[in-house]
1. Given the range 187-294, what helices (runs of 4 or more DSSP H) lie entirely inside it while holding 2 or more residues that are small (Gly, Ala, Ser) and exposed (fewer than 13 other Cβ atoms within 10 Å of the Cβ)?
2. Just checking, does the range 130-148 include any residue being in contact (Cβ under 8 Å) with a residue 12 or more places away in the chain, farther than 15 Å from residue 42 by Cα and not in a loop (DSSP other than H, G, I, E, B)?
3. Would it be correct to say that residue 72 is over 21 Å from residue 255 (Cα atoms) and in contact with a His (Cβ under 8 Å, 6 or more places away or on another chain)?
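The values are calculated or read from the model by the stated rules, or taken from the named source; none is laboratory data. Bear in mind that the values here come from a model prediction, so they are computed numbers and not experimental data. In this analysis, Cβ positions are derived from the backbone assuming ideal geometry, glycine residues included, and neighbour counts consider all displayed protein chains.
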Amino acid sequence: MEYTPLKMERVLRIEKLYSLHYFQFAAGYIFPGEKHNFWEMVYIDRGEADIGAGKQVLRLRQGQAIFHRPNEFHSIWANSATGPNIMVLSFGCAGHALRPLAGRALTLDAQMRGILRQLIAEGQECFGKVLDISGQTALTPRESAPIGSQQMIVLLLEQILLLLLRQARGGQEASEPEAPHLTEERNAADITNQLTGLMREHLDGSLSFEEICRQSGLSQTALKAYFRRYNRMGVMEYYQRLRIEEARRLLREGRLNVTQTAEALGYSSIHAFSRQFKRLMGVTPLSYLRTIKE
């Protein structure tokens, strides 16, 4: 039997990666702007920010993204009371496939947000845990990066872009209407959002696993299973990561030193804080400060 191969259609192709950042900006932070000859994606993972795109300014809220076309001047103004968490990813993509996405506030649905979390995690495996070095102009893969990690990042990015193009072709933003009977995935996302809010209210370390279970209304076994499946980590590990995320934000603001940051987040000692920080970020708090200042 003779087979005829199908020549695969490629709607778009990511050819180069220029930057991958995940910032915890201080409230009031202003990035005055720049332009360059490649695409850039800005995604608001937490909070909100005003994004300058050419001659317009758009306010993006949590879960929204914007794509700056090549040579478009763009800026960021973190004008809310709480500093936002923002992912910035710049890349080369030839052709005109991405034109429908340019210069608009796009809402990412639960599927896209999940893929984006995978992309950030893959980026940390490939380039290191610290992704908030403002002046970085080149990505340097680690020698210990998993095999194919660069390709995995590109595949995840292309998947998000294709889903957004389908959404744009449908003529409407992503929506997640309430249904009488929630799917398991949606229910799990609601639980995660609820408990993330609870954890952020208790970043001083005062929250116990038993209290988190009580607030969720789930048994310990069920809650552990939800977090393992949908967040790829344990409940308390997730909580500790949120605390270290807040520590990075406080250190970037510069109003507190390392000792004061440890105290503000309820760590028993600066040594306990430093151990936890290094375990999750791969560097000590002092090394992190030196890195972002350089």
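1. none
2. no
3. no
The rows are residues; the columns are (1) of a type outside the set (S, T, N, Q); (2) modelled with pLDDT of 80 or more.
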{"position": "185", "(1), (2)": "yes, no"}
{"position": "191", "(1), (2)": "yes, no"}
{"position": "197", "(1), (2)": "yes, yes"}
{"position": "203", "(1), (2)": "yes, yes"}
{"position": "214", "(1), (2)": "yes, yes"}
{"position": "219", "(1), (2)": "no, yes"}
{"position": "222", "(1), (2)": "yes, yes"}
{"position": "232", "(1), (2)": "yes, no"}
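Listed here are the residues, each with its yes/no results for (1) exposed (fewer than 14 other Cβ atoms within 10 Å of the Cβ); (2) assigned by TED's automatic domain parsing to the domain that holds residue 69; (3) at pLDDT below 95; (4) within 17 Å of the chain's Cα centre (by Cα).
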site: 129; (1), (2), (3), (4): no, yes, yes, yes
site: 136; (1), (2), (3), (4): no, yes, yes, no
site: 153; (1), (2), (3), (4): no, yes, no, yes
site: 175; (1), (2), (3), (4): yes, no, yes, no
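Here is a yes/no grid of residues against (1) part of a loop (DSSP other than H, G, I, E, B); (2) within 14 Å of the chain's Cα centre (by Cα); (3) closer than 13 Å to residue 157 by Cα:
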{"position": "3", "(1), (2), (3)": "yes, no, no"}
{"position": "20", "(1), (2), (3)": "no, yes, yes"}
{"position": "28", "(1), (2), (3)": "yes, no, no"}
{"position": "32", "(1), (2), (3)": "no, no, no"}
{"position": "45", "(1), (2), (3)": "no, yes, no"}
{"position": "58", "(1), (2), (3)": "no, no, no"}
{"position": "72", "(1), (2), (3)": "yes, no, no"}
{"position": "96", "(1), (2), (3)": "yes, no, no"}
{"position": "120", "(1), (2), (3)": "no, yes, yes"}
